[in-house]
1. Stretched out fully, how many nm does the piece from Ile147 to Leu82 gain, at 0.36 nm a residue minus the Cα gap?
2. Heavy-atom accessible area of Lys77 with all protein chains present, probe 1.4 Å, nearest 10 Å²?
3. Express in Å², to the nearest 10, the accessible area of Ile147 obtained by rolling a 1.4 Å probe over the protein heavy atoms while all chains stay in place.
4. Sum up the charges of everything whose Cβ sits under 11 Å from the Cβ of Asp144, counting Lys and Arg as +1 and Asp and Glu as -1, but leave Asp144 out.
5. Short version: ³J(HN,Hα) in whole Hz for each residue of the stretch 92-102, in order, from phi by Karplus 6.51 cos²θ - 1.76 cosθ + 1.60 (θ = phi - 60°), x for Gly and Pro, what are they?
6. What does the charge count near Asp105 come to, summing +1 for each Lys or Arg and -1 for each Asp or Glu among other residues with Cβ under 14 Å from its Cβ?
7. Rounded to the nearest 0.05, what FRET efficiency is calculated for Asp128 and Asn102 with R0 set to 22 Å and r the Cβ-Cβ distance?
Amino acid sequence: MGYCAETAFTRKPNYRYLNSPISVTFSIVFISLSSFFFIRCKAWKFCHVLHKLLREGHPLCIQHSLRHRGQLTELGKLWGHLNDGYGLCIKQYSKLLVTKLNFHDRNGRFPGSLVLNRGELEQIAANDINMYFQLAVEMFDYLDDVIALQATSECSLNVIFPHKILIFSP
């Protein structure tokens, strides 16, 4: 298990090939993509593609993926013990994905992209100040994981790819 070539990591997944996984049942896609768990570069790309599917895929992707939170946690444990660039990043990325799934499990009316207009937000919170506070706390917890992933990626992967800038979206 050596390091992956720079192009294997830095090259974004070809989103043209993501159209078929979005249209297929999510469980089948998850199981077929989970064969990449044992290759560092592929596990990182799997997390990236899964995050993209959760953000921009069909609304049922989130619901169908809730039952796979254990597998994502195990993925993080599998690679988290390594102190190299990919191991810590995969651990942090899987933690972010589990946090995202937990957020959507508790707040099922939020879309994967987290984009709402003011009317939808008022309808979800029912103009209750306590509900707004709870949503703000959960959003900050979620953003803490995004920032932690960004920091881990900058520290860990700059050793492997010193000239690359990594930016993550919620």
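The values are calculated or read from the model by the stated rules, or taken from the named source; none is laboratory data. Here the structure is a predicted model, which is why all the values come from computation and not from measurement. Using ideal geometry, Cβ is built from the backbone for each residue, glycine included, and neighbour counts are taken over all protein chains shown. To get the accessible areas, we keep the full protein, side chains included, count just its heavy atoms, and leave off ligands, DNA and RNA. Shrake-Rupley method; radii C 1.70, N 1.55, O 1.52, S 1.80 Å.
1. 21.3 nm
2. 130
3. Estimated to the nearest 10 Å², Ile147 gives 110 Å².
4. Charge balance near Asp144 sits at -2.
5. Along the stretch 92-102, the couplings run 5, 5, 5, 5, 4, 5, 5, 4, 4, 5, 5 Hz.
6. +3
7. FRET efficiency, Asp128 to Asn102: 0.55.
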